[in-house]
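First comes the structure, then the notes that go with it.
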Amino acid sequence: MAEVKVKVQPPEADPIELENRIIELCHQFPHGITDQVIQNEMPHIEAQQRAVAINRLLSMGQLDLLRSNTGLLYRIKDSQNAGKMKGSDNQEKLVYQIIEDAGNKGIWSRDIRYKSNLPLTEINKILKNLESKKLIKAVKSVAASKKKVYMLYNLQPDRSVTGGAWYSDQDFESEFVEVLNQQCFKFLQSKAEAARESKQNPMIQRNSSFASSHEVWKYICELGISKVELSMEDIETILNTLIYDGKVEMTIIAAKEGTVGSIDGHMKLYRAVSPIIPPTGLVRAPCGLCPVFEDCHEGGEISPSNCIYMTEWLEF
């Protein structure tokens, strides 16, 4: 007698339970999930059931549909943004999502066009509309003075966009940097002089002539010479220029966790130095001390043609 094969249909999942499970997955993966992720987590659910649940969540405004290199992504929708974008069409929502994904580094209109596949005229119209609603803003980038990047209205632009404390309206504040350079060196010099006047043994004198970047930062803040708020990273950038100029040396020591000025159990210390004997010709040339010597080549971002240290050295 021939064996009769009976196809057993899997029990149909509860639609509400399926939708809740998809939302849980989206919370676990805030950047978005693909249909394959849903399928891997719920292998017993048929494709048609998944599609119905996803379409329902999209229609209720609980999920966002995004495009990526790997295909379509489903991401949980921010309730605040959902309210802001109420009444907007799909194209406007798509452009807003692309700008939101760019974060505080922003995105060029050309890249928005590439990611959205929308005509440039339509993108410009959408951007103006979103700006008028104060959902996004245009920020000039120091990387390209004639171009603007777009980001969400409430975001603070990244330093790579504004140039940080060293730029004002896209202009490099060379005089401000020079003043900081002088004041940082003056502080380290006074620290070294105080150590020499202490009449302690040479090792104690040397150790007490060092100052942490936090001490230098605190001194500059107390002077009140900066109109913008400076970070320790900004001060370390200035101290690095003094190192390249041969006026300061740096050492790194181990520090207890939580010590002021320490990062990951390490602390940078700086002290003013003066050469005992004149340096050799190779060391006096900027290339002899340059930390990016291996990356320097004609035609690159770092090259002898645009090196300010090389220009000053040749003029001297």
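The values are calculated or read from the model by the stated rules, or taken from the named source; none is laboratory data. For clarity, every value in this text was computed on a predicted model and none was experimentally measured. All Cβ positions, even for glycine, are placed from backbone atoms using ideal geometry, and neighbour counts span all protein chains on display. These accessible areas exclude ligands, DNA and RNA; they are computed on the full protein's heavy atoms, side chains included. Shrake-Rupley method; radii C 1.70, N 1.55, O 1.52, S 1.80 Å.
Observations on the model:
- To put it simply, the accessible area of the stretch 108-219 at a 1.4 Å probe is 49 percent carbon and sulfur.
- Taking a straight line from the alpha carbon of K256, these lysines sit under 16 Å away, with near neighbours fewer than eight places off in the same chain left out: K268.
- Of the solvent-accessible surface of the stretch 14-69, computed with a 1.4 Å probe and all protein chains present, 50% belongs to carbon and sulfur.
- Long pairs among K93/K147; K77/K140; K93/K115; K77/K105, criterion Cα-Cα beyond 18 Å: K93/K147; K77/K140; K77/K105
- Karplus-derived 3J(HN,Hα), 6.51/-1.76/1.60, for each residue of the stretch 299-307, Hz, glycine and proline x: x, x, 5, 10, 8, x, 5, 10, 7
- Accessible area expressed per residue, the stretch 139-263, with surrounding protein chains retained (probe 1.4 Å, Å²): 62 Å²
- Inter-part distance, the stretch 123-166 to the stretch 181-246, computed on C-alpha centroids, equals 36 Å.
- Peptides 95-101, 20-26, 108-114 ranked from most to least packed, by the mean per-residue count of other Cβ atoms within 10 Å: 95-101, 20-26, 108-114.
- Contact order, relative form, for the stretch 114-259: 15 percent (alpha carbon pairs under 8 Å, 6 or more residues apart, mean separation divided by residue count).
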